[in-house]
Amino acid sequence: MNLFKALAHRALLWGLRAPRLEHSVMPEGLALDGQHIRPVWIEGEGGSRLFAWYIAPPGPQGVLAPGAVLMHGWGAHAGLMLPAAPWLHEAGLALLVLDARGHGLSSAVDFQSLPRFAQDVEAGLAWLRQQPEVDASRLALIGHSVGAGAVLLSATRQPAVRAVISLSAFAHPAEVMQRWLAQMRIPSRWPGRWILSHVQEVIGARFDEIAPLRSAGAITCPILFVHGQDDETVPFTDALRLAEACGVGAEACLAVPGGHDLTHGLGPDHVQRMMSFLRSSLAPAPG
């Protein structure tokens with residue numbers, strides 16, 4: 001039985017592994033002055049090394065700027081978050097665009113998980129706070145898919161965060177796993193129940209504890225949920241459920257045409273809404 005569990009464990013880690021997509025050390029084709037961008041390496045959990053691009057704020061020297069950490073989704077990398085960089089830069093933010101462990105150019109890892117994504121977000125946040133041009137009291141978190149779940153979880157542990165933008169977040173990891181089991185044609189009773197239990201054991205947390213539904217309800221700062229209306233990976237109704245968990249309802253949801261990848265669905269009106277949200281949430285304190 002122990003041998004069976006060991007083999008099943010290895011097969012499960014293999015089946016749930018994130019694809020490793022690497023990218024260039026310096027971004028290409030980004031509509032920003034190259035002098036604002038530099039690659040950085042950040043110390044992460046357990047001595048890991050996290051790769052990121054730091055995009056300095058556009059304002060004059062001596063004026064502290066708000067900042068944001070950007071986290072990609074499962075199997076992606078920092079480069080896939082770069083389309084948001086020009087308008088975030090225009091909004092006056094300093095940006096840290098991260099590769100999670102096991103993704104992009106960051107350190108390899110035996111497995112990844114939403115809690116580990118959150119640890120990587122928090123390592124990036126700690127680094128960003130130390131930058132001399134950044135106002136450490138005006139920081140935001142922005143994440144896509146699993147990265148959105150991670151920034152929501154991080155915000156519950158980082159009360160100084162002033163704003164969160166959740167892009168295509170799922171409501172509950174158990175539901176994601178159920179969809180995966182169905183896709184793989186694995187019966188939900190057996191071995192499905194064992195798989196769900198074992199995954200929680202491996203990541204060291206119960207799904208209920210790390211679920212975005214729970215995180216959203218515990219966050220005190222403003223949250224904007226941005227979601228594709230035709231998302232077949234995570235249904236749009238998940239965004240409505242998350243907004244409801246915050247007690248704010250549909251007014252906190254920004255519906256975007258298209259599916260899970262929002263890059264091509266975001267139009268000028270959507271970008272303006274997000275910029276307005278960040279400017280309002282990250283405004284300097286009066287006086």
- [ ] Give me the orientation-averaged projected area of the Cα convex hull of the stretch 231-274, in nm², one decimal.
- [x] 3.1
- [ ] Quick one: dipole size for the stretch 212-285, taken about the Cα centre, charges +1 on Lys/Arg Cβ and -1 on Asp/Glu Cβ, in debye to the nearest 20.
- [x] 360
Task: 0 to 90° range, to nearest 10: angle between helix 114-129 axis and the chain longest Cα axis - done: 20
Open item on the list: If the only charges are +1 at each Lys and Arg Cβ and -1 at each Asp and Glu Cβ, what is the size of the charge dipole of the chain around the Cα centre, to the nearest 20 debye?
Closed with: 760
TODO: Mind jotting down the three principal axis lengths of the chain based on Cα atoms? Whole angstrom, largest first.
DONE: 65, 40, 34
TODO: Collect residues whose amide H, placed 1.01 Å from N in the peptide plane, falls under 5 Å from the amide H of Val134; neighbours closer than 5 in sequence don't count.
DONE: Ala65
TODO: Take the Cα radius of gyration of the stretch 200-239 and divide it by 2.2 N^0.38 Å, with N its residue count; two decimals is plenty.
DONE: 1.43
Open item on the list: Tell me the angle of helix 192-203 to the major Cα principal axis of the chain, expressed in degrees between 0 and 90 and rounded to the nearest ten.
Closed with: 50
Open item on the list: What is the angle, in °, between the Cα long axis of helix 2-15 and the longest principal axis of the Cα atoms in the chain? Nearest 10 is fine, range 0 to 90.
Closed with: 40
TODO: Out of all DSSP beta bridges with both ends in the chain, state the antiparallel percent to the nearest 5.
DONE: 30
Task: Distance between modelled label sites at Arg189 and Ala160, nm, 7 Å Cα→Cβ extension - done: 5.3
Task: For Met81, Met274, order by how many other beta-carbon atoms lie within 10 Å, fewest first - done: Met274, Met81
Open item on the list: I need the phi-derived Karplus couplings for the stretch 208-215: 6.51 cos²θ - 1.76 cosθ + 1.60, θ = phi - 60°, integer Hz, Gly and Pro marked x.
Closed with: 4, 6, 10, 4, x, 4, 6, 4
Open item on the list: Give me the one-decimal nm value for the distance between modelled label points at His270 and Arg17, 7 Å along each residue's Cα-to-Cβ direction.
Closed with: 3.3
TODO: Would you mind calculating the gained length between Val40 and Thr233 on full extension (0.36 nm times residue separation, minus the Cα-Cα distance), in nm to one decimal?
DONE: 66.3 nm
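Every number here is computed from the coordinates shown, using simple stated rules; none is lab data. A quick note: this is a predicted structure, and the numbers were derived from the prediction, not measured. Virtual Cβ from ideal backbone geometry, glycine too; neighbours counted across all protein chains shown.
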